[in-house]
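Here's the structure, in structure tokens; my notes come after.
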Amino acid sequence: MALPLSTVKGVGPALEKRLHQRDIRTLGDLLLHLPKDYIDDRQLSPIAQLCDGVSARIQGRILTKEARGYGKKRQVIILLADDSGRIRLNFFHSGYMMSDARLSEGREIAVRGVAERWQGQWQMTHPEWCVSEAFQPGYQPVYRALAGLSGKRIATLIRQALTLLPVAASSPLDAVLAATASPLRQALRELHQPHDLDSEALNRAAVRLKCEELILYLQLMREKKRQADCPAVSLQAETSSRLMHQSLPFELTDAQASAWSDISTDLNSGKRMHRLLQGDVGAGKTWVAALAMIKAAGCGYQAALLAPTEVLAKQHAETLQALFAPLGFTIKLLTGSTRAKERRELLAELGSGELKLIVGTHALLSEDVVFNHLALALVDEQHRFGVRQRWGLADKKRDGHQAVHLLGMTATPIPRTLALALYGDMDLSIMRGMPPGRKPVETRVIASDKMKSLIAGMQRILDAEGRIYWIVPRIDEDEDGLSVDQRVELLKRYFPDANVLGLHGRMKSGDKNGALEAFTTGVCKMLVSTTVVEVGVNVPEARLIVIEEAESYGLAQLHQLRGRVGRSSEQGYCMLIAGDAASEGSRTRLNQMVNTHDGLELAEADLALRGSGDAVGTRQHGDAGFRLLNMAEDATLIRYWFENLPDFDPGEEMQRFWRPFAESTD
């Protein structure tokens with residue numbers, strides 16, 4: 001599983017680099033790119049028995065091959081025949097096919113595509129093809145495009161990878177799960193090369209992979225919980241947090257007051273705080289975090305806040321400085337962009353204890369960042385960090401000092417039972433509700449053919465100096481359609497004066513920060529993005545968010561995205577565009593968003609509506625750094641292993657394989 005990609009036939013240095021950029025670094029990474037669907041490809045259809053609009057496999061002899069046009073626009077047309085009839089195969093932008101010897105007249109090829117009746121003749125456009133002797137009847141997996149490679153090319157690479165999987169390849173959990181599940185190697189083969197389309201068998205194989213990931217993760221949580229039970233400095237003798245509490249421009253909500261009571265009690269106790277603050281989008285977690293930080297500083301110790309992105313870290317630094325300055329405290333910012341001279345000065349102030357408060361990105365985790373006496377570590381949007389990273393800040397204590405208090409924060413609405421399992425190393429405080437003065441975001445579900453009226457509404461928002469997010473489900477253009485670049489180009493045509501920009505997680509850090517900065521300052525009025533914007537970006541002028549193929553997201557994630565707008569006294573709007581293929585059940589689920597504005601209520605609804613879901617090929621990494629697990633769809637599995645966790649010691653290699661996404665920030 002740890003073999004490098006270069007061992008796979010067809011993967012040269014350039015392709016290996018592209019796949020590395022998509023977190024595909026080893027043979028095992030490639031094999032975890034699971035099929036999104038399967039095709040029953042056992043039968044050949046006679047051309048005369050094709051059905052209009054239906055995908056089919058045919059086989060025939062090439063009668064003629066001709067090209068039309070020139071250059072990149074050259075079209076190749078092949079006339080194919082079997083004993084029952086003829087069909088025309090159209091390939092656009094495919095001039096190279098004219099010199100392919102496999103497509104010479106008289107050769108036999110096998111073809112799969114959607115048959116269409118046109119001017120009394122059958123035709124297929126851009127069908128998949130291979131020479132007849134290479135066609136193997138069976139059930140064919142269908143893959144999502146990846147790193148600019150088509151699903152067909154990915155299928156070829158995965159077939160090659162499976163041949164390299166050693167016969168003796170095994171997992172330490174094979175023995176633990178032997179009574180109920182297949183070995184890991186067999187489960188991978190069943191998913192990539194099924195003998196039949198038994199949905200129960202495919203689901204069992206997918207669950208086997210998820211068990212591997214989940215048991216390892218829960219074992220890490222169990223160990224961290226044990227380590228967290230230790231003494232820590234008591235932060236009792238101070239008045240700064242009380243003074244700041246009194247100076248806040250508003251009363252804390254009941255939810256904020258309750259959370260602060262939990263945290264304050266922990267900090268006073270003399271035992272290490274290890275708490276997760278789960279607050280709804282816009283519920284005011286920052287104010288509670290500020291009270292905790294000033295409490296540590298007021299006792300003469302240091303506090304540090306870790307944020308997942310530079311933009312969010314900068315926003316926190318500005319907000320907190322305004323709160324702390326009247327009390328005589330300064331907070332500074334450390335990111336990867338901090339200049340060398342400023343960084344040296346900042347590190348010296350931290351080492352001497354002169355600087356009590358700091359906020360930063362993963363730059364805070366560098367070995368040369370040494371605190372004089374760190375008492376409190378805070379991790380914002382902690383699901384974007386791995387276990388090691390969120391503990392990494394709290395582990396920055398000097399020898400002889402007591403343990404550092406740890407406060408994680410997240411706006412991801414997770415039902416309580418799941419949160420207790422997924423964050424089993426932490427105690428839990430939940431904040432519900434919104435601060436006074438906020439209006440609920442008006443939410444509508446619209447069909448994809450209603451774009452004309454939507455465009456008019458967008459123009460009204462822009463005319464009123466508002467800003468707009470447009471969310472698409474993927475970065476790359478592939479056989480599924482939508483991409484960031486496609487939408488940027490389309491929206492530029494409709495709104496030439498809005499300076500439409502794109503944003504996604506694979507952009508370089510500087511480019512991402514530049515796009516977000518342009519949107520924050522108003523240089524850009526419309527931002528086309530993937531879900532990378534769901535985390536904490538605060539742009540009060542943003543009044544509309546449009547989410548395409550909304551049915552492909554969980555309700556909790558849609559709620560987080562919706563939380564990017566309506567962050568001022570102006571009315572915010574959220575338009576959920578259902579894809580053409582959205583089922584009636586999916587549309588019913590989306591309608592929950594219209595009248596429900598409580599994140600936890602939506603998370604519970606998602607759990608009830610989606611159940612165990614589709615186990616194969618639907619997962620993209622994100623939730624708590626998981627590769628395959630989905631919090632809503634796999635809730636039953638998570639609860640089961642939380643309650644029945646076997647004794648198991650995951651090795652370092654196994655941790656590196658299953659937790660790579662959790663150990664890097666966006």
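The values are calculated or read from the model by the stated rules, or taken from the named source; none is laboratory data. What you see is a predicted model; the values in this text were computed from it and never measured. With ideal geometry, Cβ positions are generated from the backbone for all residues, glycine too; neighbour counts draw on all protein chains shown. Surface areas here come from the heavy atoms of the whole protein model, side chains and all, with no ligands, DNA or RNA. Shrake-Rupley method; radii C 1.70, N 1.55, O 1.52, S 1.80 Å.
Find which of Ala605, Met98, Gly466 sits farthest along the positive direction of the dipole of the chain, computed with +1 on the beta-carbon of Lys and Arg, -1 on that of Asp and Glu, about the Cα centre.
Met98
Sort 141-152, 355-366, 636-647 for me by packing, meaning the mean count of neighbouring Cβ atoms within 10 Å per residue, highest on top. Before the final figure, lay out the partial values.
Details: 141-152: 18.2, 355-366: 22.2, 636-647: 13.7.
Highest to lowest by the protection proxy: 355-366, 141-152, 636-647.
Principal axis extents for segment 295-350, Cα atoms only, whole Å, descending order, please.
29, 24, 17
Over all pairs of distinct alpha carbons, what does the Kirkwood formula give as the hydrodynamic radius of segment 385-462, in Å? Walk me through the numbers on the way to the answer.
Working: mean 1/r = 0.0566 Å⁻¹.
Value: 17.7 Å, from the Cα pair sum.
Mind putting a number on the dipole of segment 146-207 about its Cα centre? Charges go on the C-beta only, +1 for Lys and Arg and -1 for Asp and Glu, and I need it in Debye to the nearest 20. Present the calculation step by step, with values, prior to reporting the outcome.
Details: 6 positive and 5 negative charges, 70 e Å.
Charge dipole of segment 146-207: 340 debye, to the nearest 20.
Can you work out ³J(HN,Hα) from phi for every residue in segment 18-24, in order, using Karplus 6.51 cos²θ - 1.76 cosθ + 1.60 and θ = phi - 60°, giving whole Hz and x for Gly and Pro?
Along segment 18-24, the couplings run 5, 5, 4, 5, 9, 6, 9 Hz.
Report, by chain and number, residues whose modeled amide H sits under 5 Å from the one on Arg272, excluding near sequence neighbours (fewer than 5 apart, same chain).
So Arg272 has HN proximity to Cys230, Ala232.
What are the extents of the Cα atoms of segment 521-580 along their three principal axes, listed from largest to smallest and rounded to whole Å?
For segment 521-580, the Cα extents along the three principal axes come out at 34, 21, 19 Å.
Give me the three principal axis extents of segment 546-614 from the C-alpha atoms, as integers in angstrom, largest value leading.
If we take the Cα atoms of segment 546-614, the spans are 39, 27, 16 Å.
When the accessible area of the chain is computed with all protein chains present and a 1.4 Å probe, what percentage of it is carbon and sulfur?
Numbers: 14340 of 29320 Å².
Answer for the chain is 49 percent, counting heavy atoms of protein chains only.
Using the charge dipole of segment 363-457 (Lys, Arg: +1 at Cβ; Asp, Glu: -1 at Cβ; taken about the Cα centre), state which of Ala377, Ala419, Gly408 has its Cα farthest towards the positive end.
Selected residue: Ala419.
Provide the convex hull volume over Cα atoms per residue for segment 97-254, in Å³. Walk me through the numbers on the way to the answer.
Values: hull volume 57.5 nm³, N = 158.
Spread over its residues, the Cα hull of segment 97-254 gives 364 Å³ apiece.
What is the Cα centroid distance between segment 533-590 and segment 65-101, reported in whole angstrom?
44 Å
Evaluate the Kirkwood expression for the hydrodynamic radius of segment 183-338, namely the inverse of the mean inverse distance over all pairs of different C-alpha atoms, and round to one decimal in Å.
19.3 Å
Taking the dipole about the Cα centre of segment 244-388, with the C-beta of Lys and Arg at +1 and of Asp and Glu at -1, give me whichever of Pro326, Ser352, Leu306 is farthest to the positive side.
So the residue we want is Ser352.
Please list, ordered by chain and number, the residues whose modelled amide H lies under 5 Å from the amide H of Arg107; skip anything fewer than 5 residues away on the same chain.
Ile62
Please compute the net charge surrounding Leu177, taking Lys and Arg as +1 and Asp and Glu as -1 over other residues with Cβ under 9 Å from its Cβ. Numbers along the way, then the final one.
On the way: positive: Arg208; negative: Asp174, Glu212.
Overall, the nearby charge balance is -1.
Treating only the Cβ of Lys, Arg, Asp and Glu as charged (+1, +1, -1, -1), what charge dipole size does segment 333-472 show about its Cα centre? Round to the nearest 20 debye. Walk me through the intermediate numbers first.
Details: 20 positive and 16 negative charges, 100 e Å.
Result for segment 333-472 is approximately 480 debye, rounded to the nearest 20.
Need one value: the accessible area of Asp174 in square angstrom, 1.4 angstrom probe, rounded to the nearest 10.
30 Å²
Report the local net charge at Ala161: Lys and Arg +1, Asp and Glu -1, summed over other residues whose C-beta lies under 14 Å from its C-beta. Present the calculation step by step, with values, prior to reporting the outcome.
Details: positive: Lys9, Arg25, Arg153, Arg159, Arg185, Arg189; negative: Glu16, Asp29.
Within the 14 Å Cβ shell, the charges total +4.
What list of ³J(HN,Hα) couplings, whole Hz, do you get for segment 206-211 from phi and the Karplus terms 6.51, -1.76, 1.60, once you set θ to phi - 60° and write x for glycine and proline?
Taking θ as phi minus 60°, the curve returns 5, 5, 4, 5, 5, 4 Hz for segment 206-211.
What does the accessible area per residue of the chain come to in Å², with a 1.4 Å probe and no ligands, DNA or RNA counted? Walk me through the intermediate numbers first.
Details: 29320 Å² over 666 residues.
Result: 44 Å² per residue.
Peptides 486-499, 552-565, 266-279: what's the order by average Cβ count within 10 Å, highest mean first? Can you show the working numbers first?
On the way: 486-499: 14.6, 552-565: 24.5, 266-279: 21.6.
Top of the packing list down: 552-565, 266-279, 486-499.
Apply 1/(1 + (r/R0)^6) to the Cβ-Cβ distance of Leu243 and Glu342, taking R0 = 41 Å, and write down the FRET efficiency to the nearest 0.05. All intermediate terms of the calculation are to be shown ahead of the outcome.
Working: r = 30 Å, r/R0 = 0.73.
Efficiency computed from Cβ-Cβ geometry: 0.85.
Once each part is reduced to its C-alpha centroid, what is the distance from segment 175-209 to segment 263-341 in angstrom?
46 Å
Can you give me the P(r) profile for the chain? Cα pairs, bins 10 angstrom wide beginning at 0, each as a whole percent.
For the chain, the binned pair fractions read 3, 14, 22, 24, 19, 11, 5, 2, 0, 0 percent.
How much FRET efficiency would the formula 1/(1 + (r/R0)^6) give for Lys9 and Lys452, where r is the Cβ-Cβ distance and R0 is 60 Å, rounded to 0.05?
Working: r = 49 Å, r/R0 = 0.82.
Once rounded, the FRET efficiency stands at 0.75.
Against the empirical 2.2 N^0.38 Å scaling, what ratio does the C-alpha Rg of segment 73-146 come to? Working shown, then result.
Numbers: Rg = 13.2 Å, N = 74, 2.2 N^0.38 = 11.3 Å.
Normalised by 2.2 N^0.38 Å, the Cα Rg of segment 73-146 equals 1.17.
What is the Cα radius of gyration of segment 1-68 over 2.2 N^0.38 Å, N being its residue count?
On the way: Rg = 19.1 Å, N = 68, 2.2 N^0.38 = 10.9 Å.
Compactness ratio reported: 1.75.
What 222 nm value per residue comes from the helices of the chain, counting each DSSP H run with n ≥ 4 as -39,500 (n - 2.57) and dividing by all residues, nearest 500 deg cm²/dmol? Before the final figure, lay out the partial values.
Details: 21 runs with 236 residues, N = 666.
That comes out to -11000 deg cm²/dmol.
What is the antiparallel percent of DSSP beta bridges lying wholly in segment 1-140, to the nearest 5? Write out the running numbers ahead of the final one.
Working: 31 of 34 bridges.
Rounded to the nearest five, the antiparallel share is 90 percent.
Dipole of the chain, Cα-centred, from +1 at each Lys and Arg C-beta and -1 at each Asp and Glu C-beta, to the nearest 20 debye? Can you show the working numbers first?
On the way: 81 positive and 82 negative charges, 251 e Å.
Dipole of the chain, to the nearest 20 debye: 1200 debye.
May I ask you to list the aspartates and glutamates whose Cα is less than 13 Å away from that of Lys512, ignoring any residue fewer than eight positions away on the same chain?
Partners within reach: Glu310, Asp666.
Could you run the Karplus curve 6.51 cos²θ - 1.76 cosθ + 1.60 with θ = phi - 60° over segment 461-473 and give me ³J(HN,Hα) per residue in whole Hz, x for Gly and Pro?
Karplus values, whole Hz, x for Gly and Pro: 4, 5, 5, 8, 6, x, 10, 9, 9, 10, 9, 10, x.
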